[in-house]
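So the structure is just underneath, and the comments pick up after that.
The values are calculated or read from the model by the stated rules, or taken from the named source; none is laboratory data. Note that this is a predicted model, so its numbers are computed, not measured. Because the Cβ atoms are built from the backbone with ideal geometry, glycine has one as well, and the counts that use them run over all protein chains shown. Please note that ligands, DNA and RNA were not included when accessible areas were found on the heavy atoms of the full protein model with its side chains. Shrake-Rupley method; radii C 1.70, N 1.55, O 1.52, S 1.80 Å.
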Amino acid sequence: MAANGTASWTNVNREPAVRRGARAGNLLQGPGPVLFGILNVTSDSFSDGGDFFDPEAAARRAEVLLDEGALVVDVGGESTRPGSDRVPEEEERRRVVPVVQKFLEARPEAFVSVDTYRARTAEAALDAGARIVNDVTALRGDPRMAALVADAGCPVVLMHMLGEPKTMQREPSYGDVVREVRDFLAQRADHANAAGVDAENVVLDPGIGFGKTPGHNLALLRHLGAIVDLGFPVLVGASRKKFIGSITGAEEAKDRVFGTVATTVLGYERGATLFRVHDVRANREALAVAEAIRSA
Ligand code: HH2
């Protein structure tokens, strides 16, 4: 049930990080489904860039995501859309930390994940009360990240990406995309484990849109079971992405909600339990119906 967002723990922010992290790990282990509401505190994100750049507006948006049924709010301070430029580390922290603080002051029971590949940003966000690290580089972006998440005892999302955001959409190519992404994720889970991250804190993500053609994205969604079979919770981040527009004709990211819902429902059917989305209510309602059908 997690879809209605009713985490019942109070005063979690006064507990040590390790215990907080372990609880978030239990949450992500399921049964789910769990929605991660997307909050980009950026000027250039492909869908909501500039909308929530002001910390007050961002914290209010986080509350809306929660009220619509997100169990986790995923806060990021750097866009990773194709062609995006990196943001200096200090600027990323300056964007993310006040939003995490403000949001958790208003909603201390909420789960925040921080979308960063930088250990210092992750650490500052964890200190401010975040409980999950979402690393699109799967611990390859910063040599200190693995030790940080191991020490914090917090869940970490390990995502597949071919290349880097600046250039990843320039003719990405695979022999067998499903096998290669699955093998990569298995290897990154092993790496995390060897660095001291508990298996129960590992979440895997095929990285929809990160160095993939529309065909690659569709193959990964269709054969998501190959990744689910690795035995870790799987997160799908297809929300409003371009390949959806390439099918439906929706040029504007905000017009890709219905297509996104299809990825969520079919992803859930194939065993994914975590969904990172902009449009929480639409995805929550679709999942509620999918769950009801499943258990009928
Ligand atoms: N996608 C984006 C960012 N972070 N994290 C995970 N785990 N999985 C994803 O698929 C994923 C992610 C890109 O989407 P968005 O945040 O909406 O845009 P931008 O990177 O332009 O801020």
Q. Which ones in the range 195-210 are surrounded by fewer than 23 Cβ atoms within 10 Å (Cβ to Cβ) and on the phi > 0 side of the Ramachandran plot?
A. Gly196
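Quick grid of which residues meet (1) open to solvent by 20 Å² or more (accessible area, probe 1.4 Å); (2) modelled with pLDDT of 95 or more; (3) within 13 Å of the ligand (Cβ to nearest atom):
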position: Ala219; (1), (2), (3): yes, yes, no
position: Leu230; (1), (2), (3): yes, yes, no
position: Gly245; (1), (2), (3): no, yes, no
position: Ala250; (1), (2), (3): no, yes, no
position: Ala253; (1), (2), (3): no, yes, yes
position: Val265; (1), (2), (3): yes, yes, no
Q.
Need the failing condition index for Leu204 against (1) in a loop (DSSP other than H, G, I, E, B); (2) under 17 Å from the mean Cα position of the chain (by Cα); (3) of a type outside the set (D, E, K, R); (4) under 29 Å from Gly50 (Cα atoms), just the number.
A. (1)
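Filter the range 162-194 for residues that are part of a loop (DSSP other than H, G, I, E, B), more than 16 Å from the ligand (Cβ to nearest atom) and surrounded by 15 or more Cβ atoms within 10 Å (Cβ to Cβ) and give the result. Before you say what the answer is, go through the steps one by one.
Step one: filter the range 162-194 for residues part of a loop (DSSP other than H, G, I, E, B), giving 162-176.
So of that shortlist, the ones also more than 16 Å from the ligand (Cβ to nearest atom) come out as 170-171, 173-176.
Passing the criteria: only Tyr174.
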**Q.** the range 125-147, residues that are open to solvent by 10 Å² or more (accessible area, probe 1.4 Å) and over 22 Å from Pro165 (Cβ atoms)
**A.** Leu126, Asp127, Ala128, Ala147
Q. Quick one: Val73 ticks every box in (1) under 27 Å from Glu91 (Cα atoms); (2) at pLDDT below 95; (3) aliphatic (A, V, I, L, M) bar one, so which box is it?
A. (2)
Q) If Arg294 satisfies every condition in (1) within 19 Å of the chain's Cα centre (by Cα); (2) at pLDDT below 95 but one, which is the exception? A) (1)
Q) Quick one: how many residues across the range 237-281 are free of Cβ contacts under 8 Å to residues at least 24 places away in the same chain, assigned to a loop (DSSP other than H, G, I, E, B) and small (Gly, Ala, Ser)? A) 2
**Q.** Selection status of Leu158, part of a strand (DSSP E or B) and within 15 Å of the ligand (Cβ to nearest atom)
**A.** yes
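Name the strands (runs of 3 or more DSSP E) wholly inside the range 35-141 in which the number of residues that are touching a residue at least 12 places away in the same chain (Cβ under 8 Å) and away from the ligand (no atom under 12 Å from the Cβ) is 2 or more. Break it down into steps so the answer makes sense when it comes.
On the way: elements: 72-76, 111-115, 132-135.
The strands (runs of 3 or more DSSP E) meeting that bar are 111-115.
Residue under question is Val114, and the condition is that it be under 18 Å from Ser79 (Cβ atoms), within 12 Å of the chain's Cα centre (by Cα) and hydrophobic (A, V, I, L, M, F, W, C); does it hold? Even if it seems obvious, please write down each step before you answer.
Numbers: under 18 Å from Ser79 (Cβ atoms): yes; within 12 Å of the chain's Cα centre (by Cα): yes; hydrophobic (A, V, I, L, M, F, W, C): yes.
Yes; evaluated as a whole, the condition is true for this residue.
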